[in-house]
Amino acid sequence: QQKVQQSPESLSVPEGGMASLNCTSSDRNFQYFWWYRQHSGEGPKALMSIFSDGDKKEGRFTAHLNKASLHVSLHIRDSQPSDSALYFCAASVYNQGKLIFGQGTKLSIKP
Amino acid sequence: GGIITQTPKFLIGQEGQKLTLKCQQNFNHDTMYWYRQDSGKGLRLIYYSITENDLQKGDLSEGYDASREKKSSFSLTVTSAQKNEMAVFLCASSKDNNERLFFGHGTKLSVL
């Protein structure tokens, strides 16, 4: 079983709408969480990290972490067609250098 | 800024063949990674290296070897290519263990 599980597998959101992506870890040792985005034909690019309980906002992107339930989410407001991509959640234990990725959520923004 | 260069971009091999993928980074980063990406399975860690000449196994290391002879380069060898295998191999680097990863564009492997 994967240690980092993402849902949904795919998501379609109208342009200007809110996209919400979820991620759950099964390993309580994971303390650092990242969101990465991958456009077709490219390598993934880091969007943002979150290490503390609560919300972290960067522009149109907000990440939320609940360490007690090992749940991380990413919310994208005012979604744009350029946000259409594969989104990965990733987790690591502090200072271990081993970043484990989930299986990804495919996000499509419909004009 | 910097860049991760992976070669080749496309690699076609025969069943049983030994295949080598190369990765170079000019970020001067300490840690480098090899991930395999299959459709629907996300990224799976094959090997990583926290410094020159260091090697750490990931969850998918069986069937692969890796080499970090210089700080700037990290190579991956598929020891015996499996028939009909198709995947993208992604190389990445990071400044240290808790920093973001920077990825290359990948090497797409097809085995006939």
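The values are calculated or read from the model by the stated rules, or taken from the named source; none is laboratory data. It should be emphasised that the depicted structure is a prediction, and the values quoted were computed from it without experimental measurement. Cβ placement follows ideal geometry from the backbone for every residue including glycine, while neighbour counts extend to all protein chains displayed. Accessible surface areas use protein heavy atoms only, side chains included; no ligands, DNA or RNA. Shrake-Rupley method; radii C 1.70, N 1.55, O 1.52, S 1.80 Å.
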Quiz item: What is the interface area between chains B and A, defined as buried accessible area summed over both chains with a 1.4 Å probe, reported in Å² to the nearest 100?
Solution: 1700 Å²
Quiz item: Under a 5 Å amide H to amide H cut-off, with H placed in plane at 1.01 Å, what residues pair with B:Tyr47 once short-range neighbours are removed?
Solution: B:Trp34, B:Gly58
Quiz prompt | Residue-span extension gain [B:Thr51 to B:Ser110] - 0.36 nm each, minus C-alpha spacing | solution = 18.2 nm
Exercise. Could you work out the mean count of beta carbons from other protein chains within 10 Å of each residue's beta carbon in A:100-110?
Key: 3
Quiz item: Heavy-atom accessible area per residue, the protein assembly as shown, 1.4 Å probe: how many Å²?
Solution: 49 Å²
Quiz item: Lysine pairs in chain A 8 or more apart or on different chains: how many have alpha carbons under 20 angstrom apart?
Solution: 10
Quiz prompt | Beta bridges by DSSP in the stretch A:14-87, antiparallel share as percent, to the nearest 5 | solution = 100 percent
Self-check item: Sum of side-chain charges, A:Val13 neighbourhood, beta-carbon under 13 Å (Lys, Arg +1; Asp, Glu -1)
Solution: +1
Exercise. Find the relative contact order for chain B and round it to a whole percent, using C-alpha pairs within less than 8 Å whose residues are 6+ positions apart.
Key: 36 percent
Quiz prompt | Distance (nanometres) between label positions extended 7 Å along Cα→Cβ at A:Gln96 and B:Ser80 | solution = 3.1 nm
Exercise. List the pair-distance distribution P(r) of the protein assembly as shown, using every Cα-Cα distance, as the percent of pairs falling in each 5 Å bin from 0 up to the bin containing the longest distance, rounded to whole percents.
Key: 1, 7, 15, 19, 19, 16, 12, 7, 3, 1, 0
Quiz prompt | Neighbour cut-off at most 11 other Cβ (10 Å), DSSP loop, trypsin sites (Lys or Arg not before Pro), the stretch B:17-110 | solution = B:Lys18, B:Lys83
Self-check item: Net charge of neighbours whose Cβ lies under 15 Å from the Cβ of A:Arg37, counting Lys and Arg as +1 and Asp and Glu as -1
Solution: +1
Quiz prompt | GluC sites (Glu not before Pro), loop per DSSP, at most 12 other Cβ atoms within 10 Å - longest free stretch of chain B | solution = B:63-112
Exercise. With a 1.4 Å probe on protein heavy atoms only, tell me which residues of the stretch B:38-83 lose at least 40 Å² of accessible surface in the complex relative to the chain by itself.
Key: B:Leu43, B:Tyr48, B:Asp59
Quiz item: Expressed as a rounded percentage, what relative contact order does chain A have, with Cα pairs under 8 Å and six or more residues apart?
Solution: 38 percent
Quiz prompt | Only Lys, Arg (+1) and Asp, Glu (-1) charged, at Cβ; chain B dipole about Cα centre in debye | solution = 300 debye
Practice problem: In nm, give the distance between the simple-model label positions of A:Ala68 and A:Ser52, each being 7 Å from the Cα along the Cα-to-Cβ direction. | Solution: 1.8 nm
Quiz item: B:Lys95 versus A:Lys110, label points 7 Å from Cα toward the beta carbon: distance in nm?
Solution: 4.2 nm
Quiz item: In the calculated pair distance distribution of the stretch A:5-111, what percentage of Cα-Cα distances lie above 25 Å?
Solution: 15 percent
Practice problem: Using Cα positions and a limit of under 15 Å, work out the aspartates and glutamates in reach of B:Lys18, with same-chain residues fewer than 8 apart set aside. | Solution: B:Glu62, B:Asp65, B:Glu85
Practice problem: Give the Kirkwood hydrodynamic radius (Å, one decimal) of the stretch A:55-111, defined as one over the mean of 1/r across all pairs of different Cα atoms. | Solution: 13.1 Å
Practice problem: Give the distance, in whole Å, between the Cα centre of the stretch A:54-111 and the Cα centre of the stretch A:31-50. | Solution: 7 Å
